[in-house]
1. Restricting attention to the stretch 129-146, does a residue exist that is in contact with a Pro (Cβ under 6 Å, 6 or more places away or on another chain), outside any helix (DSSP H, G or I) and at pLDDT 95 or above?
2. Consider Arg54 against the criteria (1) in contact with a Cys (Cβ under 8 Å, 6 or more places away or on another chain); (2) over 29 Å from Ala202 (Cα atoms): it satisfies all of them except one. Which criterion is unmet?
3. Tell me, which residue of the stretch 230-261 that is part of a loop (DSSP other than H, G, I, E, B) and open to solvent by 40 Å² or more (accessible area, probe 1.4 Å) is farthest from Ala55 (Cα to Cα)?
4. Output the residues belonging to the stretch 128-148 that are surrounded by 15 or more Cβ atoms within 10 Å (Cβ to Cβ) and within 18 Å of Ala178 (Cβ to Cβ).
5. Taking Thr4 as meeting all but one of (1) closer than 19 Å to Leu121 by Cβ; (2) part of a loop (DSSP other than H, G, I, E, B), write down the number of the exception.
6. Quick check on my filter: what residues within the stretch 172-193 are without any contact (Cβ under 8 Å) to a residue 12 or more places away in the chain and farther than 21 Å from Val140 by Cβ?
7. With the structure loaded, tell me whether His199 is assigned to a helix (DSSP H, G or I), touching a Ser or Thr at 6+ places or on another chain (Cβ under 7 Å) and open to solvent by less than 80 Å² (accessible area, probe 1.4 Å) or whether it fails that test.
8. Restricting to the stretch 49-76, name every residue that is out of contact with any Pro (no Cβ under 9 Å at 6 or more places or on another chain) and of a type in the set (D, E, K, R).
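The values are calculated or read from the model by the stated rules, or taken from the named source; none is laboratory data. No experiment lies behind these values; they were computed from the predicted model shown. Methodologically, a virtual Cβ is constructed for each residue, glycine included, from the backbone with ideal geometry; neighbour enumeration extends over all protein chains shown. Please note that ligands, DNA and RNA were not included when accessible areas were found on the heavy atoms of the full protein model with its side chains. Shrake-Rupley method; radii C 1.70, N 1.55, O 1.52, S 1.80 Å.
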Amino acid sequence: MSETKATRLERDVTDGGAEVATLTLAHPPLNLFDRSMLDALVEDIAELSARPPRAVLLRAEGKVVSGGVDVHVFDGLTPEQGAELWRTLFAQIIHPLEALPCPVVFAAHGLTLTAAFEIALACDILLAAPKAKFGLVEIVVGLTPSMGGPQRLAERAGSGRAREFVMTGDLYDAATMAEWGVVNAVHEDLDTAARALTHRLADGPTKANAATKKIIEAWRSGGVAHADSVTPEVSGELFGTEDLQGGVRSFLEQGPGKARYAGR
């Protein structure tokens, strides 16, 4: 009998006709990041990269988002094997997820540890339920988070808070993460709010959203001057899209907020 896949990738269509993908961690009881979970995520993200929707929602089912990485993954690794593990996870999960040409929303309904939180930090928008808690607790095995968590947390919350978060290995609640600017919003009915936002973003001008991601990525890698240098070309290309042309005509003829976008 074959094992049940550790994730579930589903595609749906909004009322406006836009395709949305929902990627769910579904590996009970704790959604641990063992080899089967990692392999499933690599497969799903490769599929999303090959055929991008107009928005993606990452979520989890069960009591927790994830109890973290199955420590068996680390057992017996040599320094060279450890380095290769992180190179592979950056290349096959984190970087392709960030490079998706559409908005990516992460919904954290409960405890979100280590790899799950690092993946959340690679998404565009992070939403949480009031009871959610977050932690990068690799210190308990003498490790530092190595899927991009410290640097992406520092980008959102500042380097001092990132150091505290990682070095203490403490858990931080959703309200604190929102105060720090890590969580974008906290919702009582998280699933409804996350799906509504994802659908709203999917119905938007997809090419413009992709351009926004490119400009912000340029800022992340090279600062304001580098972002300024790429913006004219990245933004200029939008004038050849159906969405911008139609959006301008709609604005001039009907006023703001009436345009419908096809993602082209």
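1. First pass over the stretch 129-146, keeping only residues in contact with a Pro (Cβ under 6 Å, 6 or more places away or on another chain): 136, 138.
Next, from what is left, pick out any that are outside any helix (DSSP H, G or I): 136.
Subset that is at pLDDT 95 or above: 136.
Yes.
2. (2)
3. Pro256
4. Once the filter is applied, which keeps residues that are surrounded by 15 or more Cβ atoms within 10 Å (Cβ to Cβ) and within 18 Å of Ala178 (Cβ to Cβ), the stretch 128-148 yields Ala128, Ala129, Ala132, Lys133, Phe134, Gly135, Leu136.
5. (1)
6. Once the filter is applied, which keeps residues that are without any contact (Cβ under 8 Å) to a residue 12 or more places away in the chain and farther than 21 Å from Val140 by Cβ, the stretch 172-193 yields Glu179, Asp189, Thr192.
7. Criteria met by His199.
8. Scanning the stretch 49-76 gives Arg51, Arg59, Asp70, Asp75.
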